[in-house]
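The values are calculated or read from the model by the stated rules, or taken from the named source; none is laboratory data. As the structure is a computational prediction, the values presented were derived from the model and not from experiment. Glycine also receives a Cβ, built like all others from the backbone with ideal geometry; neighbour counts cover every protein chain displayed.
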Amino acid sequence: MRTAWRTADARLVRDILAIAAACCVIGVSFGAIAVASGLPAWAVVTMSVLVFAGGAQFMAVGMLAAGNPLAAVLGGLLLNARHLPFGLVVADAIGPSWRARLVGSHLMVDEAVAFALAQDSPERRRAAYWLTGGVLFVAWNSGTLAGIALGEAAGDPARYGLDAAFPAGLVALILPSLRDPTTRRAVLAGAAVAVLAAPFLPAGVPVLLAVFGVVLALPARKEVDA
C-alpha cells in the first residue's frame, strides 16, 4: 500500500478520496438499515468485512428481512458474477503471487477496476487498483460501523440522491475513453442492451448482458485494424 501511495499522482489520490467519501456515506446508510431490519451488529460488520459488495449487501439485507436467505445468496452471486471478467482484465494489476491474488480479489470492486484500467502503465494500474480497493474497503467498513451506531438516523440513501454517487463517478471515469470510436460504440451498444433488458429481467442480469456490447463492437475493431 505504501508503494501504491508513492506511485499514484495527486489527481488520482484526489479522485479516489472523493469516491471513498461517497462510499463511507453509503456505508453509514447500510449499517443503519441493516440493524433496523433486525440483523445483529456482529452480522452486519462480518458481512461488510467478508462480502465487501455494497449492492449485494443491500439486496441481501432486504432478502433476509423478507425471510428468504436462499434468494439473498443467489442474488449476491448473480450481482457479483461480473467479477469473473473483471479478474481477467486486471490480473496484471493485482500481481502474480497467490497472496496478492487472494487479497486483491477480495478488494475487487467496480471503482478499483475502473481506476486501474484508466491508467497508462502497468505500475500506475497496480497502484490505482490497490489504492482504490484498500481505501474503499476502509471507507465502507468505517461507514458501516458508524451506521450501526446511528441506528435508523441515516435513513435511505436514495432519499438524498446518494445512491447515484457511484454510477456518476464511474461515468466520469469512462468519459475520456469515449474519444475512441470503437469504445464509444461498445459502450452505447452495452447500454442499449441493458436498458432494453431491464424491464424484463431481475436486477443484475441486464448489466451482465451489457457485455454483449463489446462483442458487437469487435467487427468494427477488426475493420479498423485491417
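If I filter the range 162-170 for residues that are closer than 27 Å to residue 47 by Cα, assigned to a loop (DSSP other than H, G, I, E, B), at pLDDT below 65 and of a type outside the set (Phe, Trp, Tyr), do I get at least one hit? No, the range 162-170 contains no residue that is closer than 27 Å to residue 47 by Cα, assigned to a loop (DSSP other than H, G, I, E, B), at pLDDT below 65 and of a type outside the set (Phe, Trp, Tyr).
Does residue 67 meet the test of being free of Cβ contacts under 8 Å to residues at least 12 places away in the same chain, farther than 23 Å from residue 138 by Cα and among the small types (Gly, Ala, Ser)? When the stated conditions are applied, residue 67 passes them.
When 82, 99, 124 are checked against the criterion of being more than 29 Å from residue 148 (Cβ to Cβ) and buried (at least 16 other Cβ atoms within 10 Å of the Cβ), 124 stands alone in meeting it.
Note on the range 45-54: among residues that are farther than 13 Å from residue 107 by Cβ and free of Cβ contacts under 8 Å to residues at least 60 places away in the same chain, the one that is surrounded by the most Cβ atoms within 10 Å (Cβ to Cβ) is 47. Could you list, in sequence order, the residues of the range 48-76 that are assigned to a helix (DSSP H, G or I) and closer than 24 Å to residue 131 by Cβ? Those that are assigned to a helix (DSSP H, G or I) and closer than 24 Å to residue 131 by Cβ: 48, 49, 50, 54, 55, 56, 57.
Of 88, 117, 131, 84, which residue is closer than 30 Å to residue 9 by Cα and modelled with pLDDT of 90 or more? Show your work before the answer.
Values: 88 fails: modelled with pLDDT of 90 or more; 117 fails: modelled with pLDDT of 90 or more; 84 fails: modelled with pLDDT of 90 or more.
Matching residue, one of 88, 117, 131, 84: 131.
Looking only at the range 94-123, count every residue that is within 16 Å of residue 135 (Cα to Cα) and in a helix (DSSP H, G or I) and tell me the total. Talk me through it step by step, then tell me what you get.
Initial filter on the range 94-123 (within 16 Å of residue 135 (Cα to Cα)): 94, 103-116.
Filter again for in a helix (DSSP H, G or I), leaving 94, 103-106, 110-116.
The total comes to 12.
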